[in-house]
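Visitor: Pasting a structure below so you can have a look.
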Amino acid sequence: MYFGLVSDKKNYIFSVHELTSAAKQLLEKGLPLLWVSGEISNFICASSGHWYFSLKDDQAQVRCVMFRHKSQYLDWQPKNGMQVEVLALATLYEARGEFQLTLEQMRPAGLGALYETFERLKRKLEGEGLFDAARKRPLPFLPKQIGIVTSPQAAALQDVLATLAKRMPGIPVVLYPAPVQGEGAAQKIAQAIRLASERAECDVLLLCRGGGSIEDLWAFNEEAVARAIAASRIPLVSGVGHETDFTIADFAADQRAATPTAAAQLIVPQQQELLHRLHHAAQRLARGRQRQAEQVMQQLDFLQRRLVHPAQRIRQQAQHLDQLGRRLRMARPDFAQLGTRQVEWAHRLRVVMKHTLEHHDKHLHSLRQHLLHLDPQQVLARGYSMVRDGHGAIVSSSAGLHIGGSLDITFAHGWARTELMEKG
């Protein structure tokens, strides 16, 4: 607008405000967002949270401002003398008539090349299928032994060990030491992963390191580490850096956790939760056994009601015989013939009584054997035993036991308490 006035009226006189506004428009329209590199000097962090500093090189310098709503997303603190790269808009601060850069992003110098290397390797390995979901293996529900690949001096190691001890104490941990940053760290990390895979003494591996800059975490962006993870025969969880940090190792791992502590929480369940579930399962089992015993007892009562004692059957037969005798006497039959028939009836009665008694005897014996089979003491007498843990709950699996715990064993005659030395 102002330049149109100049062309229309050669002698137009600009005010200072009009001049600075025209210069600002010219700068902002003529120069797009661009990356600029240089050294930070005169850095000031205002109480408002805005950053002010100069960006300079050997021949020039320019004022810079990065407002709080942009600077709050940086996870590092700029300092005087640092070499940085900034994404900025060239503009003019009208109040002072000063040329300046308004920053959108800022990173330590050289990170552009690192990010390009990161993306190039990521595309390469992704194209080979190293990150495919089909390759990811499930983690064991309750590992018998856990392997950790990290530096013995890493603070993250103590966090992981404390979390494991809190959630599931007693699970053995094997440390495969390796430096987590510096020259040669990637090769040492890959070597430790291969060693753990060859020894195959753990059910799950945890690769961990605390947070840091992209340079600090760069060992986990090396191709050697990614290929070692992919070749591992043991499921591997990556817990590197903070939640916002992503490395090539995260993509190659079977599962990625936001932090080392989160990774420890991911590979072991909560002991109290398992004990709670076990307690409820034991209660359901006890109720089921009680219902089964009640059903058997009810069936036994029903069978007992149906069973007629042989003596009662004999009395019934004797009563019937008496009735026949009375009828015989009232009918005045042929006594000789009736005598013969009486002998036959007596014989038949003895045979029937004998068969009846034998039948009921066998039936009683069968019922007795059935009752004996239902007697828990008879089960113990056959060589079985009943095992309870320290809380008195019946143990049917070794999954919930831990080495060094005590067990109570009940035999057919007596009981014993033992300490668990080994389980399988």
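Visitor: Using the structure shown, decide if ALA109 is touching an Asp or Glu at 6+ places or on another chain (Cβ under 9 Å) and hydrophobic (A, V, I, L, M, F, W, C).
Guide: Considered against the rule, which asks whether it is touching an Asp or Glu at 6+ places or on another chain (Cβ under 9 Å) and hydrophobic (A, V, I, L, M, F, W, C), ALA109 comes out as yes.
Visitor: Counting only residues that are farther than 20 Å from VAL268 by Cβ and either of a type in the set (A, V, I, L, M) or surrounded by fewer than 23 Cβ atoms within 10 Å (Cβ to Cβ) (or both), how many does segment 234-247 have?
Guide: 5
Visitor: Can you tell me how many residues in segment 366-381 are exposed (fewer than 13 other Cβ atoms within 10 Å of the Cβ) and more than 47 Å from the chain's Cα centre (by Cα)?
Guide: The number of residues fulfilling the criteria is 3.
Visitor: Continuing with this model, one more query. Among the residues that make up segment 87-96, is at least one of them in the same structural domain as LYS56 (by TED's automatic domain parsing), touching a Gly at 6+ places or on another chain (Cβ under 9 Å) and in a strand (DSSP E or B)?
Guide: yes
Visitor: Any idea which residue in segment 394-424 is nearest to GLY383 (Cα to Cα), counting only those that are among the β-branched types (Val, Ile, Thr) and under 25 Å from the mean Cα position of the chain (by Cα)?
Guide: Among residues in segment 394-424 that are among the β-branched types (Val, Ile, Thr) and under 25 Å from the mean Cα position of the chain (by Cα), the one nearest to GLY383 (Cα to Cα) is VAL395.
Condition check ((1) in contact with a Lys or Arg (Cβ under 9 Å, 6 or more places away or on another chain); (2) outside the structural domain of GLN316 (by TED's automatic domain parsing); (3) part of a helix (DSSP H, G or I)) across all residues:
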position	(1), (2), (3)
TRP345	no, no, yes
LEU349	no, no, yes
MET353	yes, no, yes
GLU358	no, no, yes
ASP361	no, no, yes
SER366	no, no, yes
GLN369	no, no, yes
HIS373	no, no, yes
SER396	no, yes, no
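Visitor: Considering only segment 186-214, state which residues are within 25 Å of LYS136 (Cα to Cα), touching a residue at least 60 places away in the same chain (Cβ under 8 Å) and among the aliphatic types (A, V, I, L, M).
Guide: VAL204, LEU206, listed by residue number.
Visitor: Let me ask another. Scan segment 112-152 for residues that are more than 16 Å from the chain's Cα centre (by Cα) and assigned to a strand (DSSP E or B) and report the count.
Guide: Within segment 112-152, residues that are more than 16 Å from the chain's Cα centre (by Cα) and assigned to a strand (DSSP E or B) number 3.
Visitor: Further, regarding this structure: Given (1) assigned by TED's automatic domain parsing to the domain that holds ALA253; (2) without any contact (Cβ under 8 Å) to a residue 12 or more places away in the chain, where does GLU116 come up short, assuming only one miss?
Guide: (1)
Visitor: Report yes if THR410 is surrounded by 12 or more Cβ atoms within 10 Å (Cβ to Cβ) and among the hydroxyl-bearing types (Ser, Thr, Tyr), otherwise no.
Guide: Yes, satisfied.
Visitor: Kindly provide the set of residues from segment 65-118 that are under 30 Å from GLN25 (Cα atoms), among the charged types (D, E, K, R) and in contact with a strand residue (DSSP E or B) (Cβ under 7 Å, 6 or more places away or on another chain), ordered by number.
Guide: If the condition is that a residue be under 30 Å from GLN25 (Cα atoms), among the charged types (D, E, K, R) and in contact with a strand residue (DSSP E or B) (Cβ under 7 Å, 6 or more places away or on another chain), then LYS70, GLU85, GLU98, GLU104, ARG107 are the ones that fit.
Visitor: When segment 158-185 is examined, which residues are found to be of a type in the set (Asp, Glu) and touching a residue at least 60 places away in the same chain (Cβ under 8 Å)?
Guide: Once the filter is applied, which keeps residues that are of a type in the set (Asp, Glu) and touching a residue at least 60 places away in the same chain (Cβ under 8 Å), segment 158-185 yields only ASP159.
Visitor: I'd like to check something: does segment 119-139 contain any residue that is within 30 Å of LEU31 (Cβ to Cβ) and of a type outside the set (Lys, Arg)?
Guide: yes
Visitor: Between GLU119, GLU183, GLU198, which is acidic (Asp, Glu) and at pLDDT 95 or above?
Guide: GLU198 is the lone residue from the list that is acidic (Asp, Glu) and at pLDDT 95 or above.
The values are calculated or read from the model by the stated rules, or taken from the named source; none is laboratory data. Since the structure is predicted, the reported quantities are computational estimates derived from the model, not experimental observations. Note: ideal-geometry Cβ built from the backbone for every residue, glycine included; neighbour counts use all protein chains shown.
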